[in-house]
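Structure first, commentary second.
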Amino acid sequence: MDYWRKSPRAKHFRTMLRARMESLNLTETTLADRLGTSQTAVSNALTGQTRFDVFRTERYCDALEWPVEEFLHEYETTAPGVAGPIASDDEPASDQHDAPETDWAYTDPEESRRAEQLGKILRRLREHAGPDGGSLRQQVLADALGRSQSAITKAEHATRALTIVELEAFAWHLGSSLTAVYRQLRREAPRSTRDGS
């Protein structure tokens with residue numbers, strides 16, 4: 001999880017959330033009330049102790065009165081660097097990312113349903129991202145991302161959640177964007193009314 005705390009893009013993501021809180025004059029406690037969670041959970045999220053996937057991002061954007069697509073677009077266009085390999089000097093690429101203790105799977109049925117569709121979207125993108133529009137092998141994508149092939153398989157089958165930084169890197173390496181992937185997810189697996197859609 002070090003890359004989620006330390007990567008400049010992840011830090012920028014959290015900075016954007018904090019700036020929005022300040023613009024709305026929200027404290028961590030007030031935001032926690034809006035989210036239906038604790039102030040400690042919000043503090044952990046804003047300091048990088050808690051990873052943000054697309055679904056947690058949706059919840060925070062809702063609480064911050066910020067359209068998710070608008071937030072993601074602003075993040076993509078203002079974050080430092082590019083959405084390249086995920087691994088850093090602090091976290092070398094290896095199979096350790098796929099150890100059971102580091103996997104981060106979906107437990108909520110609604111998120112699981114939508115995560116399965118997200119995996120299908122990523123798989124379709126990969127199947128058309130290779131040379132001449134053909135399939136890009138999982139291992140090639142894994143190498144580009146600094147991950148193991150099993151991490152790609154798990155992401156495509158929704159047995160491993162992806163942080164926003166990982167999802168952005170996936171999209172970027174597949175010739176797409178985080179915002180475009182999210183837009184596709186909203187079309188193919190809309191949020192249920194209980195999620196605020």
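So here's what we get for this one:
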item	result
Chain lengthening between S23 and R183 when straightened (0.36 nm per residue, less Cα-Cα)	55.0 nm
Label-point gap, in nm, between Q149 and T30 - each point 7 angstrom along Cα→Cβ	5.2
Net lengthening on full extension, T159/R113 (0.36 nm per residue, minus Cα-Cα)	15.4 nm
Gap separating the Cα centres of region 130-182 and region 8-63, nearest whole Å	25
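Values quoted throughout were computed directly from the atomic coordinates according to the rules given, and no laboratory measurement underlies them. Small disclaimer: the values here were computed from a predicted structure and weren't measured. FYI the Cβ positions are ideal-geometry reconstructions off the backbone, even for glycines, and counts take in every protein chain you see.
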